[in-house]
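Participant: Below you'll find the structure I mean.
The values are calculated or read from the model by the stated rules, or taken from the named source; none is laboratory data. Values in this document were obtained by computation on a predicted structure and should not be read as measured data. With ideal geometry, Cβ positions are generated from the backbone for all residues, glycine too; neighbour counts draw on all protein chains shown. Each accessible area value is taken on the protein alone, full model and side chains, heavy atoms only, with ligands, DNA and RNA left out. Shrake-Rupley method; radii C 1.70, N 1.55, O 1.52, S 1.80 Å.
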Amino acid sequence: ETSSKITNELLFTGFMTDYRSSIISQLKESSFTLACPQKFVSRKNRDTMNRSAKLVLNIPQRKDWRWLSLMRVVAALRCGRATVSLGTKDNSQIAACCHQLDISDQRWLDEIKGSVNNWTSLYKTAYDNYMLMAENFERSRGFPHDMFEFWAITDHLAKKI
């Protein structure tokens, strides 16, 4: 994806909470260009917005929420963008596909600036980690062919030969 359509360094799309508002205020005070629609956006509009920013932000709903938004991370990757998560401590599989920053460290704003400056390599790392995670999952669990066959039976779909 070329950078010719990029209009912001950062993007956050999500329901606004007091905690999220305070983080966004800190980012704006630090002179980051940040898009943040204060309303629900469709998938098509979100994808357009994802492509218009260098990085997608994951901001937890509240300070003690440790988990990533899987759908936000995957949607960003699909659009050629990495997600940077602020203040989460997620250790699930998707964590390998997202850069998590400890915002209790006073240098977190500097780390975001570094991430913005290296957004293309951050995306490549996140994408490569996602592909590795998917390959490992398929190798360990296999593709669910039987589930698709069951679905075809229950939905009366003809098997093509």
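Participant: I need the full set of residues from segment 9-48 which are among the hydroxyl-bearing types (Ser, Thr, Tyr) and either assigned to a helix (DSSP H, G or I) or closer than 22 Å to residue 77 by Cβ (or both), in order please.
Facilitator: 13, 19, 21, 22, 25, 33, 42, 48, listed by residue number.
Participant: Here's another thing I want to ask about it. Which of the residues spanning segment 14-46 are in contact (Cβ under 8 Å) with a residue 12 or more places away in the chain and touching a strand residue (DSSP E or B) at 6+ places or on another chain (Cβ under 8 Å)?
Facilitator: 23, 24, 27, 32, 33, 34, 35, 36
Participant: Regarding residue 89, is this residue part of a helix (DSSP H, G or I), open to solvent by 40 Å² or more (accessible area, probe 1.4 Å), without any contact (Cβ under 8 Å) to a residue 24 or more places away in the chain and among the basic types (Lys, Arg)?
Facilitator: For residue 89, the condition - part of a helix (DSSP H, G or I), open to solvent by 40 Å² or more (accessible area, probe 1.4 Å), without any contact (Cβ under 8 Å) to a residue 24 or more places away in the chain and among the basic types (Lys, Arg) - is not met.
Participant: Mind checking which residues of segment 49-63 are surrounded by 15 or more Cβ atoms within 10 Å (Cβ to Cβ), outside any helix (DSSP H, G or I), in contact with a helix residue (DSSP H, G or I) (Cβ under 6 Å, 6 or more places away or on another chain) and not β-branched (Val, Ile, Thr)?
Facilitator: Listed by number, the residues that qualify are 54, 55, 58.
Participant: Follow-up. Restricting attention to segment 115-150, and to residues there that are polar (S, T, N, Q) and touching a strand residue (DSSP E or B) at 6+ places or on another chain (Cβ under 8 Å), which single residue is least open to solvent (accessible area, probe 1.4 Å)?
Facilitator: Only one residue fits best here, namely 115.
Participant: Scan segment 49-70 and give yes if some residue there is closer than 23 Å to residue 34 by Cβ and among the aromatic types (Phe, Trp, Tyr), otherwise no.
Facilitator: Within segment 49-70 (the criterion being closer than 23 Å to residue 34 by Cβ and among the aromatic types (Phe, Trp, Tyr)), the answer is yes, since at least one residue qualifies.
Participant: Which residues, taken from segment 57-91, are closer than 17 Å to residue 26 by Cβ, touching a strand residue (DSSP E or B) at 6+ places or on another chain (Cβ under 8 Å) and of a type in the set (S, T, N, Q)?
Facilitator: Passing the criteria: 58, 85, 88.
Participant: Looking at residue 158, is it closer than 26 Å to residue 43 by Cα, at pLDDT below 95 and loosely packed, with under 13 Cβ neighbours inside 10 Å?
Facilitator: no
Participant: Please state which one of 153, 112, 94 is part of a helix (DSSP H, G or I), open to solvent by 100 Å² or more (accessible area, probe 1.4 Å) and either more than 15 Å from residue 58 (Cβ to Cβ) or in contact (Cβ under 8 Å) with a residue 12 or more places away in the chain (or both).
Facilitator: 153
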